[in-house]
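Asks: Got a structure here, written out as structure tokens. Questions coming.
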Amino acid sequence: MTPPLSSNIPDLTGASVARGRYELTRLIGCGAFGKVYQALDTYAWPAELVAVKCQQYLESSTPLGQLTDLEFDAHEALSHGDRIVGLRHLFLSDDGELLFSVMDYCPGGDLSEAVHNGSLVGKPQLVKRIMRQLLDGVEFMHKKRIYHRDLKPENILVSSEKDDPELDIKIADFGLATRCNWNGQFGTGTKAYMSPENVDKSLADGTYKAADTDLWACAVIFVIFATSHFPWARAHKLDKRYAEYREDPNYLHESLHLTQETSDLVDWCFTEDPAGRPTLDAFRRELDKIDEFVTAVVRKPDPSPSQSSRAESVPAPPSPPSVQPSSMIICDCSGACPPAVPPRPPIRIDCGMDVVRLYADDVSLADSPMEDSSQMYSPLCDTPDVSMPPSDGSSCSPSPSTSAIVTPPDSHASLAVYGVVNVAPGKQPVCTALPEEAVTLPDWGPRRMMALGSCEFRLF
């Protein structure tokens, strides 16, 4: 078994980094990709505690490096939100081997301990306070068109002290965050919190909305906070508890001793058809109306997801490629991926025409199905599960992308970008799914466009 990347990182407790600015006082967490330290920012006055994550620096040309870039792109865009753990500083070690990220320090840790010991059960006002803040944070993210895709108690940090009755929380860990609301990547996140259309792609028409799966996760978190029990291991027909719930709508009401008002709200959130679920605002309003969540307190909590059938928080193998101009196109990592091919030279496109598309025949692909060459199509092996290779031993590497140098007819033209593109070297992908969500680039000059999926450039 391949050791985690964090095993290659030395223990830096007691060290100073960033030319002495941050003193790493103690190790507070260690994951597969890095280590997190409590640190003292000596440049602040008075000096203040921060959290410093240390991980191996990976080039953007590598799959893991791309994931890291996407994570920091999303985190940086959200950092000013009241319910988001702020990202303060990014820097490299002197030798360029380690990447450090400095974040807000949250002294209360995460909420997984509160779930495991059932300390929130029977405290409806505290649960409502936490849930309001969580829903506010998720709503803020969605307004920025960023979707978390891995909401769970472990990623909800307490920014106040644990014993503070005015408990405040912040959302953390944007490793699976995306700017694509419409997703063709199934099985992303942690199983217990995934929506059914994310778990079972037969319920989705090729894509599903990341916003819907975030709301579903919030509802699962609410049930866990209120009862100390997971409603099911995963929202799939093969899961016994989930199947019972679909057969008998009163199943959760009776098995978890929910009050009728709580049961009604939970049933609304767990509607199998995403279109029938409430908005985040409606969820919050209905939650505020409820005085008690349970009729009886069952103190023995469920085992943590890591002790049950929860998957690790890594993307499952992406779905097979499909020709869908409005969705992210990815290759099938459950089998052999098309061999990686060096990118072709950039294609110069004169944007003086009304619409410019990048077509399938603009990219060299090996053994890739191509049903219709007139479709905008460029496969991408997006966020592969690099820590857990496919069971058949195959590997997955990104297919080449189409590069185009787009030149405007005049310096004051505006460009609307549809699809998934890199707008310039070193920038993170701008991803949109529908025409009304197009990203506008006003007063732009000649720039390289890197097509990572379906894309279309339109002048107006």
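Asks: Of the residues in segment 40-78, how many are in contact with a helix residue (DSSP H, G or I) (Cβ under 6 Å, 6 or more places away or on another chain) and under 14 Å from Phe100 (Cα atoms)?
Replies: 2
Asks: Going by the structure shown, is Gly118 within 26 Å of Leu64 (Cα to Cα), part of a loop (DSSP other than H, G, I, E, B), of a type in the set (Gly, Ala, Ser) and touching a residue at least 24 places away in the same chain (Cβ under 8 Å)? Steps first, please.
Replies: Numbers: within 26 Å of Leu64 (Cα to Cα): no; part of a loop (DSSP other than H, G, I, E, B): yes; of a type in the set (Gly, Ala, Ser): yes; touching a residue at least 24 places away in the same chain (Cβ under 8 Å): yes.
It is false that Gly118 is within 26 Å of Leu64 (Cα to Cα), part of a loop (DSSP other than H, G, I, E, B), of a type in the set (Gly, Ala, Ser) and touching a residue at least 24 places away in the same chain (Cβ under 8 Å).
Asks: Being hydroxyl-bearing (Ser, Thr, Tyr) and out of contact with any Leu (no Cβ under 9 Å at 6 or more places or on another chain) is the filter here; which residues of segment 214-256 pass it?
Replies: Of the residues in segment 214-256, the ones hydroxyl-bearing (Ser, Thr, Tyr) are 227-228, 242, 245, 251, 255.
Matches in segment 214-256: Tyr242, Tyr251, Ser255.
Asks: Follow-up. Is one or more of the residues making up segment 245-260 out of contact with any Pro (no Cβ under 9 Å at 6 or more places or on another chain), in the same structural domain as His142 (by TED's automatic domain parsing) and in contact (Cβ under 8 Å) with a residue 40 or more places away in the chain?
Replies: yes
Asks: Mind counting the residues in segment 136-175 that are touching a helix residue (DSSP H, G or I) at 6+ places or on another chain (Cβ under 6 Å) and acidic (Asp, Glu)?
Replies: Result for segment 136-175: 3.
Asks: Could you tell me which of the residues Phe174, Phe186 is in contact (Cβ under 8 Å) with a residue 60 or more places away in the chain and farther than 26 Å from Gln55 by Cα? It would help to see each step written out before you state the result.
Replies: Values: Phe174 fails: farther than 26 Å from Gln55 by Cα.
Of Phe174, Phe186, the one residue that is in contact (Cβ under 8 Å) with a residue 60 or more places away in the chain and farther than 26 Å from Gln55 by Cα is Phe186.
Asks: When segment 140-153 is examined, which residues are found to be outside any loop (DSSP other than H, G, I, E, B) and in contact with a Ser or Thr (Cβ under 9 Å, 6 or more places away or on another chain)? Lay out the reasoning, then the answer.
Replies: The first filter runs over segment 140-153 and keeps only residues outside any loop (DSSP other than H, G, I, E, B), leaving 140-143, 147, 153.
Within segment 140-153, Tyr147, Pro153 qualify.
Asks: Among residues belonging to segment 230-242 that are outside any loop (DSSP other than H, G, I, E, B) and within 27 Å of the chain's Cα centre (by Cα), point out the one that is surrounded by the fewest Cβ atoms within 10 Å (Cβ to Cβ). Give the steps one after another, and end with the answer.
Replies: Looking only at segment 230-242, we keep the residues that are outside any loop (DSSP other than H, G, I, E, B), and these are 240-242.
Cutting the leftovers down to within 27 Å of the chain's Cα centre (by Cα) gives us 241-242.
Values: Arg241: 17, Tyr242: 20.
Here the residue is Arg241.
Asks: Okay, next question. Acidic (Asp, Glu) and touching a residue at least 12 places away in the same chain (Cβ under 8 Å): is that true of Asp239 in this structure?
Replies: Working: acidic (Asp, Glu): yes; touching a residue at least 12 places away in the same chain (Cβ under 8 Å): no.
No, not satisfied.
Asks: Looking only at segment 121-135, decide whether some residue is touching a helix residue (DSSP H, G or I) at 6+ places or on another chain (Cβ under 7 Å), under 28 Å from Ala47 (Cβ atoms) and outside the structural domain of Ala47 (by TED's automatic domain parsing).
Replies: At the first step, the residues of segment 121-135 found to be touching a helix residue (DSSP H, G or I) at 6+ places or on another chain (Cβ under 7 Å) are 121, 127-128, 130-132, 134-135.
Of the ones still in play, those that are also under 28 Å from Ala47 (Cβ atoms) are none.
Within segment 121-135 (the criterion being touching a helix residue (DSSP H, G or I) at 6+ places or on another chain (Cβ under 7 Å), under 28 Å from Ala47 (Cβ atoms) and outside the structural domain of Ala47 (by TED's automatic domain parsing)), the answer is no, since none of the residues qualifies.
Asks: Out of the residues in segment 12-28 that are outside any loop (DSSP other than H, G, I, E, B) and not acidic (Asp, Glu), state the one that is nearest to the chain's Cα centre (by Cα). Write out each step before concluding.
Replies: Applying the first criterion (outside any loop (DSSP other than H, G, I, E, B)) to segment 12-28 yields 16-17, 22-28.
So of that shortlist, the ones also not acidic (Asp, Glu) come out as 16-17, 22, 24-28.
Values: Ser16: 31, Val17: 29, Tyr22: 28, Leu24: 28, Thr25: 30, Arg26: 28, Leu27: 25, Ile28: 23 Å.
Applying the filter and picking the extreme gives Ile28.
Asks: Against the definition (in contact (Cβ under 8 Å) with a residue 12 or more places away in the chain, of a type outside the set (Val, Ile, Thr), buried (at least 21 other Cβ atoms within 10 Å of the Cβ) and under 30 Å from Ala15 (Cβ atoms)), how does Phe91 come out, yes or no?
Replies: It is false that Phe91 is in contact (Cβ under 8 Å) with a residue 12 or more places away in the chain, of a type outside the set (Val, Ile, Thr), buried (at least 21 other Cβ atoms within 10 Å of the Cβ) and under 30 Å from Ala15 (Cβ atoms).
Asks: Follow-up question, since we're still on this one. Taking into account only those residues within segment 75-115 that are among the charged types (D, E, K, R) and part of a helix (DSSP H, G or I), which is nearest to Glu154 (Cα to Cα)?
Replies: Glu113
Asks: Also: Considering only segment 246-278, how many residues are part of a loop (DSSP other than H, G, I, E, B), more than 17 Å from Lys128 (Cα to Cα) and of a type in the set (S, T, N, Q)?
Replies: Of the residues in that region, 2 qualify.
Asks: Of everything in segment 200-229, what is of a type in the set (S, T, N, Q), modelled with pLDDT under 95 and under 21 Å from the mean Cα position of the chain (by Cα)? Give them in sequence order.
Replies: Within segment 200-229, just Thr207 meets the criteria.
The values are calculated or read from the model by the stated rules, or taken from the named source; none is laboratory data. Values in this document were obtained by computation on a predicted structure and should not be read as measured data. No Cβ is skipped: glycine too gets one built from the backbone with ideal geometry, and neighbour counts run over all protein chains shown.
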